[in-house]
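Here's the structure we're looking at; comments come further down.
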Amino acid sequence: MIFSIFSSFPKKWTAKILAKISRGDVNLFFQKYFCINGDCPWEVNFTSRVMSCENIHILGNPDGVHKSFAKSGGCYIQALNGIEFDEGVLFAPGVKIISANHDLRDLSKSIKANPIKIGKYCWIGANAVILPETELGEYTVVGAGAIVTKSFPPYCIIAGNPAKVIGYRCEKCKSKMIKIVNEKSFACENCNIKIDMD
């Protein structure tokens, strides 16, 4: 009899607690009581780490960026040299954004550099890595697992290690443009827009 009471207790207790706790409550619990990302004024997923959040600047409406911080777990955001997110930026789980490198002569120091800038409505895929001094133009899509070592203009679709342009988005309808065979150009099927790449 006693054994059956104790064996059922964890299941009932867990079910009741999980029914009352939302993801946001869990994140805020870890931030407040365990001081994991406790210095961030916005909600951060409890499995992610944000360093130097005072150097993170969100331009425009912060709602989309804040949702990514709250929902995308396993991220590492290091903003020693600063990170600027424009509005509507989304990033998936496992993303790493690193704004500073170590000084090779003294590994306890970091090298000063320009901040990372991520334009409006960029979409950063799972496990992508964005390295110091890079700038992503608005509406850029970063493929999953990409290593971004240099800057890219707006409306690019980039992927690979190191990241390179693999496609473009239409400036009018934001859909993926199709590469025209035997030409250095892309076209949008929806808008009949064509761009030449030299």
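The values are calculated or read from the model by the stated rules, or taken from the named source; none is laboratory data. The model shown is predicted, which means the values in this text are computed figures rather than measured ones. Note: ideal-geometry Cβ built from the backbone for every residue, glycine included; neighbour counts use all protein chains shown.
Among the residues of segment 31-78, those that are more than 21 Å from I130 (Cα to Cα) and acidic (D, E) comprise D39, E43, D63.
Kindly provide the set of residues from segment 14-48 that are touching a Gly at 6+ places or on another chain (Cβ under 9 Å) and either in a loop (DSSP other than H, G, I, E, B) or modelled with pLDDT of 85 or more (or both), ordered by number. If the condition is that a residue be touching a Gly at 6+ places or on another chain (Cβ under 9 Å) and either in a loop (DSSP other than H, G, I, E, B) or modelled with pLDDT of 85 or more (or both), then E43, N45, F46, T47, S48 are the ones that fit.
Contact map, segment 63-82: residues that are farther than 14 Å from F46 by Cα paired with residues that are hydrophobic (A, V, I, L, M, F, W, C) and in a helix (DSSP H, G or I), Cβ distance under 7 Å, separation 6+ or inter-chain. Pairs shown: A79/C53. Among the residues of this structure, K150 counts as one that is assigned to a loop (DSSP other than H, G, I, E, B) and without any contact (Cβ under 8 Å) to a residue 24 or more places away in the chain. For segment 61-85, a tally of residues being more than 20 Å from N127 (Cα to Cα) and touching a strand residue (DSSP E or B) at 6+ places or on another chain (Cβ under 9 Å) returns 4.
Of the residues in segment 31-48, how many are polar (S, T, N, Q) and more than 19 Å from the chain's Cα centre (by Cα)?
1
Taking the condition assigned by TED's automatic domain parsing to the domain that holds E84, under 21 Å from H66 (Cα atoms), in contact (Cβ under 8 Å) with a residue 12 or more places away in the chain and not in a loop (DSSP other than H, G, I, E, B), does I97 pass? Against the criterion (assigned by TED's automatic domain parsing to the domain that holds E84, under 21 Å from H66 (Cα atoms), in contact (Cβ under 8 Å) with a residue 12 or more places away in the chain and not in a loop (DSSP other than H, G, I, E, B)), I97 qualifies.
Within segment 154-198, being under 28 Å from the mean Cα position of the chain (by Cα), modelled with pLDDT of 75 or more and more than 19 Å from G137 (Cβ to Cβ) holds for one residue alone: N161. Within segment 100-137, the set of residues being assigned to a loop (DSSP other than H, G, I, E, B) and under 17 Å from F69 (Cα atoms) comprises G119, K120, Y121, C122, G125, A126, N127, A128.
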